[in-house]
């Protein structure tokens with residue numbers, strides 16, 4: 001019998017994608033956040049961080065920083081919510097009418113298509129050139145960056 005791998009977790013957006021999401025108006029509830037200061041931002045579980053937050057939004061983070069006058073390490077850091085890839089794809093689809101999905105051809109490729117579109121899908125770089133990635137997570141991340149920087 002094949003050994004089952006249960007050491008699997010959700011895929012979360014990078015610090016770069018999370019910052020772009022915040023700029024585009026993303027304010028959905030999340031329980032993880034990126035904190036600036038490290039090369040790619042560190043991650044904190046808001047409930048265990050000692051800042052009295054559980055699930056919250058980007059706007060609630062700012063309100064808490066202002067209202068409670070957070071001090072020390074966190075006061076001068078940029079904090080952005082860290083959503084899953086799944087939540088982000090759904091938010092983009094619901095708000096901007098674009099769907100992102102991955103497929104395996106000669107490598108992992110991401111596609112961006114308008115919801116309801118019946119024609120040819122666009123590749124993650126917005127052209128007819130296919131960008132190949134090592135994993136579906138890398139392909140998704142590349143597509144999210146493309147959509148957030150250039151399409152919405």
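The values are calculated or read from the model by the stated rules, or taken from the named source; none is laboratory data. Keep in mind that what you see is a predicted model, and the values were worked out from it rather than measured. Cβ sites come from the backbone with ideal geometry, for glycine too, and all protein chains shown count toward neighbours.
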Notebook entry, point to check: How many residues does the range 124-148 contain that are modelled with pLDDT of 90 or more and loosely packed, with under 14 Cβ neighbours inside 10 Å?
Noted result: 2
Checklist line | Check on residue 90, surrounded by 12 or more Cβ atoms within 10 Å (Cβ to Cβ) and at pLDDT below 95 | finding: no
Notebook entry, point to check: Could you say whether any residue in the range 19-27 is within 15 Å of residue 140 (Cβ to Cβ) and either crowded, with 17+ Cβ neighbours inside 10 Å or modelled with pLDDT under 90 (or both)?
Noted result: yes
Check: How many residues, within the range 92-119, are in contact (Cβ under 8 Å) with a residue 24 or more places away in the chain, part of a helix (DSSP H, G or I) and in contact with a strand residue (DSSP E or B) (Cβ under 8 Å, 6 or more places away or on another chain)?
Finding: 1
